[in-house]
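Notes follow once the structure below has been shown.
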Amino acid sequence: MLRRSLLLSPLALAACHHQLSVQDVNVRGLVPDLAFTMTDTKTGKTVTAADFRGDVTLLYFGYTNCPDVCPTTLYNLQRVQKAMGAAAEKVKILFVTVDPDRDTPGVLNQYAALFGDNVIGLRGSADQLYDLARRYRVVFSVVKTPVYTVTHSAAIYVFNAKGAPEFIIAGLDTAKPDIEGVARDLREVAQG
């Protein structure tokens, strides 16, 4: 009986959730709940994770002068949301700048607006940014030389309406991302 239970346990777990897209990595229980305090560049107000409860929240770190990864990722997120249909109305994308010296509130707000009304530019103090990056193990560096080099992780963290982690989306900066698969995964989270 114990042996049969052990054999059936993985099947029961697998039945709880569909197979994620190859671009999505399940992080339930591995990543902390969404928590932060930063400034929303659209309103100028301080916001916290609690302000986004009730929505599926995507957390993405980048910068407005990014020549390739950020605009490609955000463009592909637009495509994902279009593929989601009505469920996309429950999604908020938080674009956290890793380059607050150049990404002023006006610049960041204007950039976020290019990718949709539900994309919100967030800025914080150095401490707020480093605390948030450390919380989610996001790597970034800004080298202020004449070339001004910025590097950053490209993963998108997905949190459900309660602020609990669901999965990480990777690879939306590639030539052929799995738009339909990511849309299906986000739709399932949005539908609870």
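Data table
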read-out	value
Listed residues Pro146, Ala49, Ala126: farthest to the positive end of the dipole of region 21-190 (Cβ charges)	Ala49
Cα gyration tensor category, rounded, prolate or oblate, for region 85-192 with a/c compared to 1.5	prolate
Cα extents of region 23-65 along the three principal axes, largest first (Å)	33, 29, 15
Only Lys, Arg (+1) and Asp, Glu (-1) charged, at Cβ; the chain dipole about Cα centre in debye	440
Cα lying deepest toward the dipole's positive end in the chain, options Val31, Ile93, Ile156, charges on Cβ	Val31
Global geometry of region 31-100, whether rounded, prolate or oblate, following the gyration tensor of its Cα atoms and the 1.5 cut on a/c	oblate
Rounded, prolate or oblate (a/c below 1.5 giving rounded, otherwise prolate when a/b exceeds b/c) for region 86-129 by Cα gyration tensor	oblate
Region 21-190 - share of DSSP beta bridges that are antiparallel (%, nearest 5)	65
The chain: Rg to Rh, with Rh as the Kirkwood radius over Cα pairs	1.01
Computed over region 21-190: relative contact order in percent, which uses C-alpha pairs under 8 Å that are six or more apart	38
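Just so you know, all these numbers are worked out from the coordinates, no wet-lab data involved. Please read all numbers here as calculations on a predicted model, not as lab measurements. Here the Cβ is made from the backbone with ideal geometry for all residues, glycine too, and neighbour counts use every protein chain on show.
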